[in-house]
Amino acid sequence: MPYKAAGLDKTIPLYQALGNHDHFFIGSLPVNAFLRQAYISDTVIATGDVLLNPLNVNNPLYYMGVLDGSTSDGMIIHAGPVANFYNPPKIVADPSRYSLLRTQWISEFF
């Protein structure tokens with residue numbers, strides 16, 4: 001049977017809103033050329049403390065990790081302090097992996 005949320009009143013209009021996590025990396029940093037390249041790369045992105053110095057690529061401290069799509073719960077793999085890795089963690093490069101631009105995200109609804 002189709003799911004029906006308790007209390008959902010069809011007379012109240014529902015609007016989709018574009019939120020900060022829909023078009024910003026970790027919700028607060030604009031997706032720039034460095035991040036767009038990282039999306040398609042074969043190397044897991046390493047960054048500094050994003051709260052103190054966003055995307056400090058000159059002094060990376062932590063591998064951000066990736067979701068393992070082969071697991072039922074999407075475990076995060078290849079994450080942790082750079083010092084814990086002998087070499088940068090590698091994944092399969094994929095030129096079709098990307099972040100939607102704001103206009104692309106909005107067009108998905110039409």
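For this structure, a couple of remarks:
- Heavy-atom SASA rank of K90, K10 (probe 1.4 Å, accessible area, largest first): K10, K90
- Per-residue SASA entry for V66, accessible area with 1.4 Å probe, Å² rounded to 10: 40
- Estimated vicinal HN-Hα couplings, Hz - segment 29-45 in sequence order (Karplus 6.51, -1.76, 1.60; Gly, Pro = x): 10, x, 6, 10, 4, 4, 5, 4, 5, 5, 4, 9, 6, 9, 10, 5, 5
The values are calculated or read from the model by the stated rules, or taken from the named source; none is laboratory data. Computed from a prediction, not measured in an experiment: that's the story for all the values here. Accessible surface areas use protein heavy atoms only, side chains included; no ligands, DNA or RNA. Shrake-Rupley method; radii C 1.70, N 1.55, O 1.52, S 1.80 Å.
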